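Step one of this worksheet: look at the structure below.
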Ligand SMILES: [Zn+2]
């Protein structure tokens, strides 16, 4: 079975004008997952720039309700609908996975915005709300596991996710403070994609707003014993130098391959 491969489509934090917002493409077991979809049409632009057909996306995981992670859903789905419509085909089936409270909040905000994707996709768009920490099989034999993490709003059901296929595992943190549940979920993983909002110099602020430092990400990776750590959700360089984040994470994760993901970068197990 095809092991998970990753294309880092968007690696920027919410306010970084130099990078696209959070969106990862994972291709595994013959199917394609998007882990978050950034904001606006950025995810479609990034897919096309990386020579990936947006119509190939079958699963979308939404980590939490904040717009830098889910704002791109309606533009993505409507792009897919009209790309299919041009050829006379119905829209492709898409499953959207999120924890129940996040899913409800996201659907309510789409309804308030008079969004159309739900109506035009009909039965082909499925909103999946898997139980926390239970692996669900998706097509091709890959599994997806949603793991509650520690972000905002309190009780808002932010989640990490684990994509597993062919004996390899990729773990995506979503947005979170350093979190023991994530350490457990990432134990022995091939790749941990962990959010970072800066270095320990701003730890108090970052933790207060639900984020992690590079040192936190390094410690989670080291405790979990992952093979590789990719940091994302990178702030603009006026806030922190990428080199400082990389050095700090590496100090706390000896033996782990640590890198800062970049828009368009690819990773294979
Ligand atoms: Zn975010």
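The values are calculated or read from the model by the stated rules, or taken from the named source; none is laboratory data. Just so it is clear, the structure is predicted and the values come from calculations on it, not from any experiment. With ideal geometry, Cβ positions are generated from the backbone for all residues, glycine too; neighbour counts draw on all protein chains shown.
Which members of the range 164-216 meet the condition of being more than 20 Å from residue 99 (Cβ to Cβ) and within 14 Å of the ligand (Cβ to nearest atom)? Correct list: 196, 197, 198, 206, 209. Residues in the range 1-59 that are more than 16 Å from the ligand (Cβ to nearest atom) and in contact with a helix residue (DSSP H, G or I) (Cβ under 6 Å, 6 or more places away or on another chain): 10 in all. When the strands (runs of 3 or more DSSP E) confined to the range 178-269 are screened for residues that are surrounded by 24 or more Cβ atoms within 10 Å (Cβ to Cβ) and at pLDDT 95 or above, those reaching at least 3 such residues are found at 191-195, 228-232.
May I ask you to list the residues in the range 149-163 that are under 21 Å from residue 23 (Cβ atoms), surrounded by fewer than 24 Cβ atoms within 10 Å (Cβ to Cβ) and away from the ligand (no atom under 16 Å from the Cβ)?
Applying the first criterion (under 21 Å from residue 23 (Cβ atoms)) to the range 149-163 yields 149, 151-152, 156-163.
If we keep only those that are surrounded by fewer than 24 Cβ atoms within 10 Å (Cβ to Cβ) as well, we get 152, 156-157, 162.
Across the range 149-163, the qualifying residue is only 162.
Mind checking which residues of the range 207-224 are more than 18 Å from residue 260 (Cα to Cα), more than 18 Å from the chain's Cα centre (by Cα) and in contact (Cβ under 8 Å) with a residue 12 or more places away in the chain? The answer is 207, 209, 223, 224.
Tally up the residues in the range 106-120 that are over 20 Å from residue 59 (Cβ atoms) and surrounded by 13 or more Cβ atoms within 10 Å (Cβ to Cβ), please. Don't jump to the end; show me each part of the working.
Keep residues of the range 106-120 that are over 20 Å from residue 59 (Cβ atoms), which gives 108-109, 111-114, 116, 119.
Add one more test, that the residue is surrounded by 13 or more Cβ atoms within 10 Å (Cβ to Cβ), and what stays is 109, 116.
Qualifying residue count for the region: 2.
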